[in-house]
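Notes for the one structure printed next.
The values are calculated or read from the model by the stated rules, or taken from the named source; none is laboratory data. Just so you know, these numbers come straight off a predicted model, no measurement behind them. As a convention, Cβ positions derive from the backbone with ideal geometry for all residues, glycine included, and neighbour counts pool all protein chains shown.
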Amino acid sequence: MLWGLFPLYFLLLVPATAYEVVSFRVLLSLVFCALLITVLRGWPRIAGIVRTPRVLLALALSGVLILANWEIYVIAIDAQQVVDAALGYFITPIVTVLLGVFVLRERLRPLQWTAVGVSVVAIVVVAVGGATVPWVALGLAASFGLYGLVKKRVGPGVDALSGLTLETAWVTPLALVQLAIVAGGTGLAIGRHGAGQTVALLLAGVVTAIPLLMFAGSARRLPLVIIGLAQYIIPTLQFVIGVALLHETMPAGRWIGFGMVWLALVLLTVDLVAASRRRGTVPLPASPEIR
């Protein structure tokens, strides 16, 4: 639910640009994670990961992907394209399934192929109904789908806190460059638009890390199918915020397209639940470790 309410938080940061917001999010997340690791005495785990070049380089790639995902997301919120962002996270499981097929050579069951086909048609319908390609949704789904693929290759040996720490450390130079460019152009918004906006921006690290740690804790306690179903709360809340609170336009074509996406997710969920009953456990199409 916290992840689903993120659009409301990012709207509090206006008029800070997406590049300033994401840069502070990276830097302050790194500071917050470093403090947590110190308190939890997790530096030996970090040292162990650093001594593994393959994992360290994979975390560099996942850091770049999540940085791109964050920036596309915040840009979409600033442009009041929250519904498009929600669409991106609705279709992320389908993108992850496709990556599993074409990259990991996984085989899909018939109902999964049906869900993929319905999703592809849905994207075409949304594009035709909106007279434009939903680049925001596709960018979010692609970046987060690839992020999940990289994290899968990293494996379970890297816990959420250590992974986030090293990912943000890798992209910190990019965040500093972005801040310098913004400062030299329009100027930084922090400290110039009231105490509320400044405090909200300074809380970016905490806001990023707390839902992540809550997710990591629950993931060890809940069945994977339950976690997979709970993932749909996030884009559902985003969709409600975009339509009901921000009054974004929803022509008939977009409603039809979203309806088809929801149908695809129902098919995918039914297949996952059926497979979990047969096997006792089932791999999920995506695990949203970071928003």
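Taking the criterion of being surrounded by 14 or more Cβ atoms within 10 Å (Cβ to Cβ) and modelled with pLDDT of 70 or more, the residues of the stretch 227-237 that qualify are ILE227, LEU229, ALA230, GLN231, TYR232, ILE234, PRO235, THR236, LEU237. When every residue of the stretch 268-277 is checked against the conditions, at least one turns out to be part of a helix (DSSP H, G or I), modelled with pLDDT under 75 and surrounded by 14 or more Cβ atoms within 10 Å (Cβ to Cβ).
All of (1) in contact (Cβ under 8 Å) with a residue 24 or more places away in the chain; (2) under 28 Å from VAL97 (Cβ atoms); (3) not aliphatic (A, V, I, L, M) hold for THR186 with one exception: (2). Which one of the conditions (1) among the aliphatic types (A, V, I, L, M); (2) in a helix (DSSP H, G or I); (3) in contact with a helix residue (DSSP H, G or I) (Cβ under 7 Å, 6 or more places away or on another chain) does ALA16 fail to meet, given that it meets all the rest? Of the numbered conditions (1) among the aliphatic types (A, V, I, L, M); (2) in a helix (DSSP H, G or I); (3) in contact with a helix residue (DSSP H, G or I) (Cβ under 7 Å, 6 or more places away or on another chain), the odd one out for ALA16 is (2).
Restricting the search to helices (runs of 4 or more DSSP H) fully inside the stretch 37-122 and requiring at least 2 residues that are buried (at least 19 other Cβ atoms within 10 Å of the Cβ) and among the small types (Gly, Ala, Ser) gives 53-78, 82-102. Restricting attention to the stretch 21-54 and to residues that are hydroxyl-bearing (Ser, Thr, Tyr) and in contact with a helix residue (DSSP H, G or I) (Cβ under 9 Å, 6 or more places away or on another chain), the residue that is farthest from GLY191 (Cα to Cα) turns out to be SER29.
Results for (1) closer than 23 Å to LEU59 by Cα; (2) buried (at least 16 other Cβ atoms within 10 Å of the Cβ); (3) at pLDDT below 90, shown as yes or no for each residue.
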| position | (1), (2), (3) |
| --- | --- |
| LEU140 | yes, yes, no |
| PRO156 | yes, no, yes |
| ILE181 | no, no, no |
| ALA200 | no, yes, no |
